[in-house]
Amino acid sequence: MKTAIVTDTNSGFTIEEGKSQNIYVLPMPVIIENNSYLESVDITHKQLYEAMRLNKAISSSQPSPGSVMELWDLVFEDGYDEIVYIPMSSGLSGSCQNAIQFALNYKGKVQVVDNHRISVTLKESVKDAQFMAAKGYSAAHIKARLEENAYNSSIYITVNSLEYLKKSGRVTPAGATLANVINLKPVLTIQGERLDSYAKVRGMKQAERKMIDALQNDLCKRFADIPSDHLLIGTAGTFESAKAAEEWYLSVKNAFPAYQSYYLPLSCSIACHVGIDAAGIGICVLDRQ
């Protein structure tokens with residue numbers, strides 16, 4: 001059986017990067033002033049950040065049913081026998097559950113994975129799936145393995161402004177105003193399905209330090225028995241400045257020199273909710289044995 005790996009841009013894969021690695025990537029929609037754009041097709045991070053600076057109305061959206069199934073049909077036209085589709089976590093969007101319903105029309109040939117991940121941890125799941133497909137594992141087997149390994153990951157993220165979390169209803173307007181006045185930065189976490197509060201600190205530097213400390217705690221407790229070469233630490237952000245992105249990456253790399261690491265820009269649809277100059281860090285157990 002020839003098995004294709006399909007994901008969406010919330011994994012951090014662009015369409016072009018996916019093509020270079022034989023991975024199909026569904027572009028996620030971004031809405032600006034009631035106009036819809038597709039990430040990696042007709043909107044860039046720079047254009048999104050410029051719209052944010054101009055205080056334009058911005059939101060994200062689920063992919064349309066047609067766009068999902070059109071991509072799946074294209075994969076089958078390309079000669080694949082089955083698909084492993086790995087969208088963002090069902091706890092963060094309804095797109096995963098919708099895809100599960102769409103897959104019923106394909107009589108088992110499309111296996112939709114809900115491994116409760118997004119961004120850097122989702123990207124590593126996609127790479128795990130690609131590794132297993134190359135080994136000849138079936139789509140059903142890959143789905144089972146990814147979902148079994150789903151919770152072996154953590155994400156921490158902090159935002160520079162609560163404006164977009166306020167717009168999405170995750171914080172109240174009064175809470176956002178007070179936090180901005182006293183320079184309070186929330187540290188949020190995803191350890192499974194949902195985005196939860198982890199800590200509140202003063203200033204971005206303290207928030208970044210808190211995230212590094214949180215990851216160190218995970219390494220000492222949750223991942224203490226995992227060899228360092230079986231773990232990946234990813235950094236991410238919505239930095240306009242390449243220098244700021246590099247500084248964040250190096251601060252994490254220097255804190256965890258024994259581990260594989262990299263920097264990944266957060267997808268445009270994630271940026272819609274966290275705003276400019278957000279910083280994140282993630283860790284996950286790799287499944288490529």
Response to the item:
Probe 1.4 Å, heavy atoms of protein chains only: per residue, the accessible area of region 27-79 in Å² is 56
Fill in: Amide H within-cut-off set for residue 187, under 5 Å, with H built and near neighbours excluded
198, 199, 200, 201
Fill in: Sequence-distant lysines (8 or more away, or on other chains) whose Cα lies within less than 17 Å of residue 253
205, 210, 243
Practice prompt. For the chain, calculate the relative contact order in percent as a whole number, restricting contacts to Cα pairs under 8 Å that are 6 or more residues apart.
Written response: 21
Fill in: More than 26 Å apart - percent of Cα-Cα pairs taken over the chain
42
Fill in: Dipole in debye (nearest 20) - the chain, about Cα centre, beta carbon charges: Lys, Arg +1; Asp, Glu -1
860
Worksheet entry | Label-point separation in nm, residue 57 to residue 33, each point 7 Å along Cα→Cβ | 1.2
Worksheet item: Carbon and sulfur: what percent of the chain's accessible surface (1.4 Å probe)?
Response: 50
Item to complete: List, in the order given, every pair from 46/221; 127/185; 46/135; 19/109; 107/221 whose Cα-Cα distance in the structure shown is over 31 Å.
Response: 46/221; 127/185; 46/135; 107/221
Response to the item:
So, relative contact order of region 39-160 in percent, Cα under 8 Å, 6 or more apart, is 21
Worksheet, complete the sentence: The ³J(HN,Hα) series, computed from each phi in region 27-35 with the Karplus coefficients 6.51, -1.76 and 1.60 at θ = phi - 60°, rounded to the nearest Hz and given as x for glycine or proline, is x, 8, x, 10, 10, 10, 6, 6, 9
Item to complete: Pick out, in residue order, every one of the GluC sites (Glu not before Pro) in region 1-98 that is DSSP loop and has at most 12 other C-beta atoms within 10 Å; say none if there are none.
Response: 33
Worksheet item: Out of residues 5 or more away from residue 26 or on other chains, whose amide H comes under 5 Å of its own, with H placed 1.01 Å from N in the peptide plane?
Response: 7, 8, 9
Discussion item. Kirkwood hydrodynamic radius, computed over distinct alpha-carbon pairs, for region 79-151: how many Å, to one decimal?
Written reply: 12.3
Discussion item. On the principal axes of its Cα set, how long, how wide and how thick is region 1-123? Give whole Å, largest value first.
Written reply: 50, 29, 26
Item to complete: Mind listing the long-range amide H neighbours of residue 83? Cut-off is under 5 Å, sequence gap 5 or more, other chains count too, H placed in the peptide plane at 1.01 Å from N.
Response: 4, 110, 111
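The values are calculated or read from the model by the stated rules, or taken from the named source; none is laboratory data. Values in this document were obtained by computation on a predicted structure and should not be read as measured data. Backbone-built Cβ (ideal geometry, glycine too); neighbour counts: all protein chains shown. For accessibility, only protein heavy atoms count, side chains too; no ligands or nucleic acids. Shrake-Rupley method; radii C 1.70, N 1.55, O 1.52, S 1.80 Å.
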